[in-house]
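Beneath this line is the structure, given in structure tokens, with notes to follow.
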Amino acid sequence: MERGFELMTMTSRERVLGLFEGKEVDRIACYSGMGNVTTAALEQLGYRFPEIHGDAQKMAAAGASSYHLFGYECAVIPWDMCVEAEALGCVMNAYEDVAHLLYPTIKEKIIHAPEDMSKVTIPPDYPERGRFPVVMEALGAIKKEIGNEVAVGTWLLGPFTLAGQIMDLNDLFKLVFKKPAEVNALLDTLADGLIMVAKKYKEAGADYITIREMGAPTDVLSPRSFKQVIKPHLEKIFSQIDSPKILHICGDTNLIIGMMNECGADAISVETKNDLVKSREVIGPEPLLFGKIDGYNVLVNGTPEDVERAVLESIEGGVDAVWPACDIWPTAPLSNLRAMVETVKKYGAEKWARKNR
Amino acid sequence: MATEKEQELLEKLANGVVNYDEEAVKEAAQEWLALGLDPNKAVFDGLVKGMQECGRLYEEQEYFVPELLMCADALYAGLDILRPHMKSEDVGVRGQVVMGVVQGDVHDIGKNLVKVMFEAAGFTVHDLGRDVPLEKFVEEQLRTDSEIVALSAMMTTTMVGMKNIIKAIKEKNPKAKIMIGGAPVTEDIAAKFGADGYAKDASNALKDAINMISSLRDLT
């Protein structure tokens, strides 16, 4: 009875972080390791999407908004994939002048020819460059505002995905084949930089970090290439950053789920294309597996009933956290997002495989 | 009927593409021309056939993107040699296509692979590149009077923009056929956005495009 009472009053923060600490928690949490700001929140705050990437106060307010608006059990920043590359000297385009919503991209890269790969170095003050300080200031502000209630999350690109930001992707893919040693040397350097930043992010207030190696699913790279040029660097990163730490890879990951599980993360996050049941067959019941609500087709285009069905499918597939397959596309209606959270609350204990075995 | 020598060269071309062996492809293409044979045949029954096999290997998860990019390089090595000798009237299907990756998206690998197939099939390709603003597609379609506009997006976050482009082009020129493709695109989304075709991969894109052009010609 007493323990039941204790579980009943768990905060989102305790629920999210308790699972990583091996504590008994009351139910599956509904949160994310990736971006989840909504246009509803931006309208309420009076911000345009391009403004929230470079202003710590706006970033913090937007980052905390999903908790306030639909009870999401986390606050995650940033949203764009350019922070790491920008701090290395790349130039970002935030699409300030475009009316519809676009995520920033890199418009000027720093590697222009394969020979430039070996010239990339990580400056000693890397975490102080570009917008890293903005993210850190915002992490601190969020922590102060709602850090007692929800877990504060942030993320970094994996080294291969980051390499794709600082050089031409066509070249990078071909070099994986033609010059794997040179690619590995570059990725090793980038991994060092990411480790430095991950430590600073933790100090700044991040409770958990997701490494998003988005460019490495088997829609793109063979399991053999994954083993040769992706896995060693992920292993290095996860062995040197603090828990909780999650590995996310988009796209098709069933062929590499076993290797993902060996990278040293505390949890694996997969996207819609992953067959959860097959994944569990490979990795077994023990590893933490997070996923996989389609952040566009279901959360934007679906009905609340579609959302409920998708949540149940993920839970029944054996996930330990219901979270979206990628960023939540900001125009997702609040009714769908609330349905996601409510469905997890309703079934997150009863149907949670880990709790019931 | 292809002679034994022709057959051997066609296989060398196709295998050269599949094995991303640019040198073998170049040799075979040069030998083909030296024998005075029809360059169109070398492209369609050699290079394109090889690329279709690469597509199959990709579907079977034997080949992945790096392999496909190298296969495409091998195909181009052959095409560069053969194309100057191709007479346009000999090409079965001809048409123009405007293609590009939508604004906000800088991933152009898929688009480039589709482009290879269009070029090999004798289409005139107006390649707008990547991160292309909406208006650019509309203007280029009007300027070139292309039958087809092919839009690509690698990320969900940019796929959404396709809807507006399709609407804008259809308003200005209802006859233009629009096909969309890219990792997050599905048949459902294509239908929802009002696209005429959806291409899962490069060789499907080409098949679809050829069908679209034939249907356009039937109308006129």
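Identify all residues within segment A:179-209 that are among the charged types (D, E, K, R), assigned to a helix (DSSP H, G or I) and in contact with a Lys or Arg (Cβ under 8 Å, 6 or more places away or on another chain); write none if there are none.
A:ASP188
Could you check how many residues of segment A:238-252 are away from every other protein chain (no Cβ under 14 Å) and either surrounded by fewer than 19 Cβ atoms within 10 Å (Cβ to Cβ) or assigned to a strand (DSSP E or B) (or both)?
Going through segment A:238-252 one residue at a time, the tally reaches 8.
Test A:LEU221 against the stated conditions and say whether it is under 25 Å from A:ASP116 (Cβ atoms), more than 15 Å from the chain's Cα centre (by Cα) and more than 14 Å from chain B (Cβ to nearest Cβ).
Answer is no for this residue.
Would you tally the residues in segment A:57-70 being under 18 Å from A:GLU96 (Cβ atoms) and hydrophobic (A, V, I, L, M, F, W, C)?
The total comes to 2.
Does segment B:166-177 contain at least one residue that is modelled with pLDDT under 90 and hydrophobic (A, V, I, L, M, F, W, C)?
no
What single numbered condition from (1) part of a loop (DSSP other than H, G, I, E, B); (2) in contact (Cβ under 8 Å) with a residue 40 or more places away in the chain; (3) within 13 Å of chain A (Cβ to nearest Cβ) fails to hold for B:LEU113?
Going through (1) part of a loop (DSSP other than H, G, I, E, B); (2) in contact (Cβ under 8 Å) with a residue 40 or more places away in the chain; (3) within 13 Å of chain A (Cβ to nearest Cβ) one by one, B:LEU113 breaks only (1).
Answer with yes or no whether B:GLU22 is assigned by TED's automatic domain parsing to the domain that holds B:HIS85 and either basic (Lys, Arg) or over 16 Å from B:TYR76 (Cα atoms) (or both).
no
Looking at the structure I just gave you, is A:GLU96 among the acidic types (Asp, Glu), modelled with pLDDT under 95 and over 17 Å from the mean Cα position of the chain (by Cα)?
yes
Return yes when B:GLY100 is touching a residue at least 24 places away in the same chain (Cβ under 8 Å), within 14 Å of chain A (Cβ to nearest Cβ), of a type in the set (Gly, Ala, Ser) and within 28 Å of A:ALA99 (Cα to Cα) and no when it is not.
So B:GLY100 fails the test.
Determine, yes or no, whether B:LEU10 is touching an Asp or Glu at 6+ places or on another chain (Cβ under 6 Å), assigned to a helix (DSSP H, G or I) and either not assigned by TED's automatic domain parsing to the domain that holds B:ALA199 or not hydrophobic (A, V, I, L, M, F, W, C) (or both).
yes
Considering only segment A:301-313, state which residues are modelled with pLDDT of 95 or more and either over 16 Å from A:LYS273 (Cα atoms) or surrounded by fewer than 24 Cβ atoms within 10 Å (Cβ to Cβ) (or both).
A:GLY302, A:THR303, A:PRO304, A:GLU305, A:ASP306, A:VAL307, A:GLU308, A:ARG309, A:LEU312, A:GLU313
What is the residue count in segment A:275-299 for residues that are within 14 Å of another protein chain (Cβ to nearest Cβ) and polar (S, T, N, Q)?
Going through segment A:275-299 one residue at a time, the tally reaches 1.
Could you please find all residues in segment A:335-346 being over 21 Å from the mean Cα position of the chain (by Cα) and either of a type outside the set (Ser, Thr, Tyr) or under 19 Å from A:CYS74 (Cβ atoms) (or both)?
A:ALA339, A:GLU342, A:THR343, A:LYS345, A:LYS346, listed by residue number.
Does B:GLY110 satisfy being more than 30 Å from A:LYS107 (Cβ to Cβ), not assigned by TED's automatic domain parsing to the domain that holds B:TYR20 and not aromatic (Phe, Trp, Tyr)?
Considered against the rule, which asks whether it is more than 30 Å from A:LYS107 (Cβ to Cβ), not assigned by TED's automatic domain parsing to the domain that holds B:TYR20 and not aromatic (Phe, Trp, Tyr), B:GLY110 comes out as no.
Where residues in segment A:168-184 are basic (Lys, Arg) and more than 27 Å from the chain's Cα centre (by Cα), which of them is farthest from the other protein chains (Cβ to nearest Cβ)?
Ranking the qualifying residues of segment A:168-184, first place goes to A:LYS179.
Mind checking whether some residue in segment A:320-327 is surrounded by 19 or more Cβ atoms within 10 Å (Cβ to Cβ), under 16 Å from A:ILE249 (Cα atoms), within 14 Å of another protein chain (Cβ to nearest Cβ) and among the charged types (D, E, K, R)?
Yes: segment A:320-327 contains one or more residues that are surrounded by 19 or more Cβ atoms within 10 Å (Cβ to Cβ), under 16 Å from A:ILE249 (Cα atoms), within 14 Å of another protein chain (Cβ to nearest Cβ) and among the charged types (D, E, K, R).
As an exercise: evaluate A:ILE257 against (1) touching a strand residue (DSSP E or B) at 6+ places or on another chain (Cβ under 6 Å); (2) over 24 Å from A:TRP79 (Cβ atoms) and give the number of the one condition it does not meet.
Of everything listed in (1) touching a strand residue (DSSP E or B) at 6+ places or on another chain (Cβ under 6 Å); (2) over 24 Å from A:TRP79 (Cβ atoms), A:ILE257 misses just condition (1).
Which of the numbered conditions does B:LYS49 fail, given that it passes all the others? Conditions: (1) assigned to a helix (DSSP H, G or I); (2) buried (at least 24 other Cβ atoms within 10 Å of the Cβ).
(2)
Could you say whether any residue in segment A:123-133 is within 14 Å of chain B (Cβ to nearest Cβ) and part of a loop (DSSP other than H, G, I, E, B)?
no
The values are calculated or read from the model by the stated rules, or taken from the named source; none is laboratory data. Everything numeric in this text was worked out from a predicted model, so none of it was measured. Virtual Cβ from ideal backbone geometry, glycine too; neighbours counted across all protein chains shown.
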